[in-house]
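Take a look at the structure set out below.
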Amino acid sequence: MTVPLFDPSTPLEPLRGEIDAAIARVLDSKHFILGPEVEAFESELAAYVGARHALGVANGTEALTIALRALGVGPGDDVVVPSFTFYASAEAIPPTGARPVFCDVDPETFTVTADTVKAAMTRDTKAVIAVHLFGNVAPVAEIEALGVPVIEDAAQSLGSRGAGGRPGALGTVATLSFYPSKNLGAFGDGGALLTGDAELADRITMLRFHGSRDKVTYEQVGYNSRLDELQAAILRVQLPHLDAWADHRRQAARWYAEAGLGDWAGLPQATDGADPAWHLYVIRTEQSETLERALPEAGVGARSYYRVPVHLQPAMASLGAGAALPGTERAAREHLAIPISAAITREQVQEVVDAIARCASGST
Ligand SMILES: *Cc1c(COP(=O)(O)O)cnc(C)c1O
């Protein structure tokens, strides 16, 4: 592959010495769970996002379930969630006892809108999961104006900026994933919750440790969901570089536009006021399937992530049956991720555009 779809390792090479030192520091401390590294990472992350509280957990999927539980979501409640997203956004709902209700997305920005959420709301809607997909920023304030709390699924949008602040600080509570390929990646699994609400932060802290505040009394059935000291120490080395990496992704998006990619496909559209960090650079084209086959043969990474949207997945079939989601269907058919990373070069971007032009004009 001459231009890989993503490249999480090259940007880490200059940090190797610092990362080794951070790992050694944790080994020497002999403190591996919920210790000083996690605490320091939580306050550094909260300051970066502009949220009052950050709490480390085991992964981004459990972060969503814990956010729902902290909001009091349970059996008999409905939670609105887009169908065009990573499966985990919806999978996190049934373990609370609540029911996912699928809403549509805008097929040009790939995010939910206040209208698509409103159309899916029922009398039992207790919360909305707004996914900042591919790094774009969903209109959280407009959705909360409908009178329902928003959980931001910000797993793909760390480093992005919205009109009202950074994703993670726009709604009632937000969740992050540090899966290795995300914009800020651990060397394994990790996740976090962010909130400005001290009471919610307190409930999250209790839920992530078995539903206990004091390790003696267990108030609720909770979770064993914690971020390791090792992962926190590794993430702390990377966090100060996140903005530079995000800026490189923005620069790559400009290179794509300048290289004429817009002649061959719909370019990613930022939502109003958003400055996305483009976790994935996802174009729109009726030739998505053809390009997905042809580009890898030309040495260029390409992948459709959500060809079968969540409401049509076997595990969700009974819940998704009959949902009319035309924007979702169009996005599922047209989307195609092409290479982007904090290390991609202008020459590689040109190579990708040349390959797309050759494939799309049928002159391979
Ligand atoms: C990665 C991701 C998750 C899940 O995060 P994990 O850490 O893998 O559990 C949830 N939602 C979205 C949108 C994601 O991209």
**Residue among Val148, Val105, Val101, Val112 that is more than 14 Å from the ligand (Cβ to nearest atom), buried (at least 20 other Cβ atoms within 10 Å of the Cβ) and over 16 Å from Ala277 (Cα atoms)** = Val101
**Prompt:** Of all residues in the stretch 167-183 being surrounded by fewer than 24 Cβ atoms within 10 Å (Cβ to Cβ) and within 16 Å of the ligand (Cβ to nearest atom), which is nearest to the chain's Cα centre (by Cα)?
**Reply:** Lys182
**Request:** Could you please tell me which pairs satisfy a Cβ distance under 8 Å, a separation of 6+ or placement on different chains, a first residue in the stretch 175-192 that is without any contact (Cβ under 8 Å) to a residue 60 or more places away in the chain, and a second residue that is within 10 Å of the ligand (Cβ to nearest atom)?
**Result:** Leu184/Leu176; Leu184/Phe178; Ala186/Phe178; Ala186/Tyr179; Ala186/Pro180; Phe187/Pro180; Gly188/Pro180
**Request:** Would you point out the residue of the stretch 44-70, among those that are more than 25 Å from Phe187 (Cβ to Cβ) and crowded, with 22+ Cβ neighbours inside 10 Å, that is nearest to the ligand (Cβ to nearest atom)?
**Result:** Leu68
**Asked** Does any residue in the stretch 48-67 that is farther than 13 Å from Ile151 by Cα come within less than 9 Å, Cβ to Cβ, of a residue that is among the aromatic types (Phe, Trp, Tyr) and within 11 Å of the ligand (Cβ to nearest atom) six or more places away or on a different chain, and which pairs are these?
**Response** Gly56/Phe178; Asn59/Phe178; Asn59/Tyr179
**Asked** Take the residues of the stretch 71-87 that are small (Gly, Ala, Ser) and more than 18 Å from Arg208 (Cα to Cα): which is nearest to the ligand (Cβ to nearest atom)?
**Response** Ser83
**Request:** Could you tell me which of the residues Leu230, Leu193, Leu207 is on the phi < 0 side of the Ramachandran plot and in contact with a Gly (Cβ under 6 Å, 6 or more places away or on another chain)?
**Result:** Leu207
**Request:** Return the total of residues in the stretch 198-219 being farther than 21 Å from Glu37 by Cα and in contact (Cβ under 8 Å) with a residue 60 or more places away in the chain.
**Result:** 3
**Within the stretch 298-353, considering residues that are among the polar types (S, T, N, Q) and touching a strand residue (DSSP E or B) at 6+ places or on another chain (Cβ under 8 Å), the one surrounded by the most Cβ atoms within 10 Å (Cβ to Cβ)** = Thr328
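Read the figures in this text as sums done on the coordinates, not as results from a lab. The structure displayed is predicted, hence computed values, not measured ones. With ideal geometry, Cβ positions are generated from the backbone for all residues, glycine too; neighbour counts draw on all protein chains shown.
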